[in-house]
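The values are calculated or read from the model by the stated rules, or taken from the named source; none is laboratory data. This structure is a prediction, so every number in the text was calculated from the model and none was measured. Methodologically, a virtual Cβ is constructed for each residue, glycine included, from the backbone with ideal geometry; neighbour enumeration extends over all protein chains shown. We work out accessible area using only protein heavy atoms, side chains counted, and drop any ligands, DNA or RNA first. Shrake-Rupley method; radii C 1.70, N 1.55, O 1.52, S 1.80 Å.
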Amino acid sequence: MAVRPVAADAGPKPVFKRPSLRERIKSSRTAWLYIAPAALIMLFVTLFPYIYQLFMAFTDYRVRNLRFNLLNPETWARYAPPFVGLDNFVRILTNQLTIENYDFWRLLLFNITWTVANIVFHVALGVLIALVLNSKTVLLRRVYRALFVLPWAMPGYVAALTWRNMYDDRFGAINQLFGVINRLIGTSFPTDTRWFVISEPPIGGLLSFLPLAFYAVLLANIWLGWPFMSVVATGALQSIPKELYEAASIDGASGWQQLRKVTLPLIRPAMVPAIMLGTIWTFNQFSVIYFISQGNPFGRTEILITQAYKLVAEQRLYGVAAAFSIVVFFILLSFTLINNRVTRATEAYDV
Amino acid sequence: MSKKLKGVLRQIAIQLFLLLVTAMVLFPILWVVSLALDPRDIDKPLELRLIPPGASLQSFRKVLFEPFNLLCRDPSNPATCMKFGGLLRNSLLVALGTSLLAVVLGSTAAYAFSRFRFIGRQAGMLFFIVMIMLPTTGLLAPLYVLLSQIRIGSEPLRASLFGLVVAYSSGFLPFAIWNLKGYFDTVPKELEEAALIDGASVTGTFVKIILPLSVPALAVTVLNSFMTGWTEFILAWTFLDNPSRFTLAMALRSMQGQFATPWSEFAAMSILMSLPIVILFFLLQRYIVSGLTIGGVKG
Amino acid sequence: MASVTFDHVTKAFGEVIAVNDLSLEIKDKEFLVLVGPSGCGKTTALRCLAGLEDITSGTISIGDRVVNDIAPKDRDIAMVFQSYALYPHMTVYDNMAFGLKLRKVPKAEIDQKVREAAGLLGIEALLNRKPKQLSGGQRQRVAVGRAIVRNPQVFLMDEPLSNLDAKLRVQARTEISRLHKRLETTFIYVTHDQMEAMTMGDRIAVMKDGILQQLDTPQHLYDKPANKFVAGFIGSPAMNFFDVTLVGEDGELAVDSGTFKLRVPPQYRQVLANHAGKEVVMGLRPEDIHDKEFMPPLSFSARLKANVDVTELMGNEVFVYLMSGENSFVARVDPRSRAKAGMEMECVANMENMHIFDKQTEVAIV
Ligand SMILES: Nc1ncnc2c1ncn2[C@@H]1O[C@H](COP(=O)(O)OP(=O)(O)O)[C@@H](O)[C@H]1O
Ligand SMILES: [Mg+2]
């Protein structure tokens, strides 16, 4: 058999050619076939309305303009909404809307406070309870796990309506609960609190912009929101290899150190996107505010998105509402971008 | 302190804590149950009792079999009012339609994003993240206009249940695609390659390998999209004209906000509406932890 | 009818050239082993043949058919993956039947084929289990079973034994060889383990950095490595290399390392004559260096002295690690040898088995 003498790194360098545009289009075809159905429906039912909304935001769009139809030239002259440039945005930002108690910057401040307070509680509670239930020695942990998803499993809107009724000043469960407590241990909590009417802030100083109603909706939304974070944390906890704890305890780490040095860093990569998503959802948590506090007292528990809805539902100011949505979008976009930079700087830990 | 005693004390402390959490979790739920059982026809719960005196299932009977007198084609004629059965049928149609569309369209698109490298992939993923962020409230008007233009037979798509299904699933798709893609990414590519060599087509590997292995993520998609269709009512309230199309969510909404809330009926209705979701949730519970791909966690 | 030909095949991933101008002819019914260090492009070459990667240039044929543009499923091949890639949601039976079902083979025939393959591999009892319930060795058999039920023209195996423990690996090695004899089809087997390659292959293709170094029978590869890389890669312990100068001495030729000088056997003199005076690399396998006291009869040998660094008793032989000047090397000597660390040992080198490589190109001269 012939021995072919070959130098170890001989061999011609192949010539590269980038695949031509045509080839790339060809190889993209299967992919696009798979995407087409979803893309089509989203194009028409989601993207197009968004673009239309962009258009509306620069016009004074009112009820009569709903007859305006791009496809029907007859409607153009009669129903086309007047173009107003940035007027809607200016009115939103400079509080020139004819809504009672409207103040954009207060709304924004409240919306951010609302989001931060919620996320802090959701994450803290969710992680704490996931941690407690992660220990194999805890009795009945399967039962607790099943019970604790109930708030998540209950349709959010039913839950919101339920909480609204729980806060009823005369017949609601919360005031009645205080009654029961008073009877049992002889305290004298008020049992006729009008949760969404009192405008006196329970905590003064820096937090005096938060009425009692804020704490009431916050409680309801904590009830609703923590199980999601708990489930994500549970998933992350279950994927931590046991050997890591064993190694840590051999290294002499105490329980507390293990938590800080092993557990928390390792569930972080899962929690960060969950927190991002949770932030977006909470920032736009429509049903809780809309049903429970309805923005009361005096619009001080209104968030941007409920205010936008009221512009449509009560005042029929479609153009202003569209501009409102765009403002909300940009706030969330900047949050995501900032957050992305922060998380990228502290990349995920490899296990 | 002995190790055993320490363990017992720890267990007691943990159990106390968990019981407290359980009490808080169950309080609203038990309250609704007790309201629903309240037999007094006075509409107003007066005190906190788990089983009110003389508890009965009357309010369930009323909700289930009597017409909803606010959802009528002709308010003067009770025969034209919707009953629970009709509402349930509409809700099921909308919820099942939404989840079917979300699963089929979501998984095919997610598959492409997970497995192919193609022109527009990056842009597409960015698009979904943006979509998840955009508030939908402002879309009410443009969507109303748009769906009114499209006609099926003699009526606009807007006023049909199918119109709702399309709107809901489309709104849910960005999250569905994002989540499913994350899960598909964790299925080893070699499994697909083995199937390709075994003789499967691209579609064959998708249907026979990827989908069966992604049951958890599909379950999460089904659950969430079903829930969207089942509970959404703002679009439904705005778009639907004909009471015979109304859904349970709309009926529940109609019970609220009158001067006198019919407490017992409201509670019974809440329970009836929550039950299917809770059951679905428990059926799919073992998939939920692993099926959410947030952060690339795989159970 | 099922030969395989790589004709100037190149595969590049962006800037990385995984397979570089590979030309290789694999005969019908041959057991060809593709061996090389990790990352040298073995898997990529196999995947190109399977159709899982599009090649950048060149042609690949199976039999007379150019398969460049043919889908994997139409190439009539089967592949055993390194990770086995068993379908986790299917039972062992369904895993094996999957390919046949897709090809619309009648049910009864599928059943017969699956049971036959299972019998051959001794996995009948596992047919109703899921992959998760199997041990590593069982999974490997199922993966092989899945490949053989299809009765393909060519079997591709990508390091199928690398996930097994040492003992199982040796056993599985002989089983695969036996399977090859029985099935009488072309096997292309990828491994990074030269021992596996040497014991299993009819022929072996050695690769490095995407380039084919040598294609030969195990014996030839061992005896006549084409370059320094192949010489060092094949054989364990590896061949010793010495930096030496070829010197001419009254009509004879010798290699000079600075601390020792060894005469070159007459049959090599002519080839090496025009390299006289040049620096080259000499290779000697450990088994060609003997303890002087226990040396076998050799027709042409040379003596050298070296200091013993460490000895390793392996039972029927001893590895002696030696130092001579700058050169350290290993000798594989008779177990009766009295070599001890620290002492000086007198060695005899079997110069008939010496190798000489060009210092720059590393190509074998002798
Ligand atoms: N899909 C890919 N993308 C980019 N580079 C790759 C890819 N697959 C393999 N490579 C590179 O090609 C080279 C050869 O890889 P491989 O064929 O897997 O080696 P082997 O199987 O011999 O260990 C390596 O440098 C590897 O990093
Ligand atoms: Mg490899």
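Results, tabulated for the structure shown:
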read-out: Average beta-carbon neighbours from other chains, 10 Å sphere, peptide B:265-274; value: 3
read-out: Candidates A:Met271, A:Met42, A:Met56: whichever shows maximal mean-square fluctuation once chain A is modelled as a Gaussian network with Cα springs under 10 Å; value: A:Met42
read-out: Within a Gaussian network of chain B (alpha carbon springs, distance under 10 Å), most fluctuating of B:Ile14, B:Ile177, B:Ile288; value: B:Ile14
read-out: Given charges at Cβ of Lys, Arg, Asp, Glu: the range A:90-343 dipole, positive-most of A:Leu207, A:Thr115, A:Leu139; value: A:Leu139
read-out: Relative contact order (%) - criterion: Cα under 8 Å, at least six apart; region: the range C:4-233; value: 29
read-out: Cα-centred dipole magnitude for chain A, charges only on beta-carbon of K, R (+1) and D, E (-1), debye, nearest 20; value: 1160
read-out: Compactness index (Cα Rg / 2.2 N^0.38 Å), the range C:208-366; value: 1.03
read-out: Potential extension, A:Ile51-A:Arg29 segment - 0.36 nm per residue separation minus Cα distance; value: 5.3 nm
read-out: Rounded FRET efficiency, nearest 0.05, which uses the C-beta distance separating A:Glu74 from A:Glu200 and R0 of 56 Å; value: 0.50
read-out: 10 Å Cβ shell holding at most 14 others, DSSP loop, trypsin sites (Lys or Arg not before Pro): longest site-free stretch of chain A; value: A:171-351
read-out: Exposed-site-free run, longest, chain A (rule: GluC sites (Glu not before Pro); DSSP loop; at most 14 other C-beta within 10 Å); value: A:101-313
read-out: Size of electric dipole in the protein assembly as shown: Cβ of Lys, Arg +1 and of Asp, Glu -1, about Cα centre, debye, nearest 20; value: 2920
read-out: For the range C:292-366 and the range C:107-126, distance of Cα centres in Å; value: 52
read-out: Fraction of beta bridges assigned by DSSP in the protein assembly as shown that are antiparallel (%, nearest 5); value: 80
read-out: At least 20 Å along the helix axis (C-alpha) and Kyte average at least -1.0, DSSP helices within chain C; value: C:107-121, C:166-183
read-out: B:Phe65-B:Gln149 pseudo-label distance in nm [points 7 Å out on the Cα-to-Cβ vector]; value: 5.0
read-out: Shielding of B:195-207 by partner chains, average beta-carbon count, 10 Å; value: 6
read-out: Per-q log10 I(q)/I(0), the protein assembly as shown, q = 0.04, 0.08, 0.09 Å⁻¹ (Debye; single scatterer per alpha-carbon; no solvent); value: -0.32, -0.95, -1.10
read-out: Cα-derived Rg to Rh of the range C:1-79, Kirkwood definition; value: 0.94
read-out: Selection from A:Gln294, C:Thr174, B:Ser201 lying farthest towards where the dipole of the protein assembly as shown points positive, charges on Cβ; value: A:Gln294
read-out: Scattering curve values for chain B, log₁₀ I(q)/I(0), Debye with Cα scatterers, q = 0.10 Å⁻¹; value: -0.74
read-out: Inter-centroid distance (Cα atoms) of the range A:307-342 relative to the range A:154-169, Å; value: 26
read-out: Distance-filtered residues of the range C:251-283 - backbone nitrogen under 17 Å, label point 7 angstrom along C:Lys359 Cα→Cβ; value: C:254-262, C:272-283
read-out: Cα gyration tensor shape for the range C:38-165, rounded if a/c is under 1.5, else prolate or oblate; value: oblate
read-out: For the range A:93-123 versus the range C:17-67, the gap between their alpha-carbon centres in whole angstrom; value: 64
read-out: CD proxy at 222 nm, helix term only [per DSSP H run n ≥ 4: -39500 (n - 2.57); per residue of the protein assembly as shown; nearest 500]; value: -15500 deg cm²/dmol
read-out: Efficiency of FRET between A:Val63 and A:Phe83 - r from beta-carbon atoms, R0 25 angstrom, step 0.05; value: 0.90
read-out: Spacing of the two label points (7 Å from each Cα toward its C-beta) at B:Leu26 and C:Val310, in nm; value: 6.7
read-out: Along each principal axis, Cα extent of chain A, largest first, Å; value: 101, 74, 36
read-out: Inter-chain shielding of B:115-121 (mean C-beta neighbours from other protein chains, 10 Å cut-off); value: 6
read-out: B:Val289 accessible area, assembled protein chains, probe 1.4 Å, Å²; value: 40
read-out: 10 Å-binned pair-distance histogram of the range A:32-84 (Cα, whole percent); value: 24, 40, 22, 13, 1
read-out: Cα extents of the range B:176-291 along the three principal axes, largest first (Å); value: 68, 31, 20
read-out: C:Glu25 - accessible surface, heavy atoms, 1.4 Å probe, Å² rounded to 10; value: 120
read-out: Label point distance in nm, A:Leu40-C:Glu346, each placed 7 Å from Cα along Cα→Cβ; value: 9.2
read-out: 20 Å-binned pair-distance histogram of chain C (Cα, whole percent); value: 26, 46, 25, 4, 0
read-out: Most to least packed among C:252-263, B:64-75, B:101-112 [average Cβ atoms within 10 Å]; value: B:101-112, C:252-263, B:64-75
read-out: FRET efficiency, A:Glu100 to A:Leu259 (Cβ-Cβ, R0 56 Å, nearest 0.05); value: 0.70
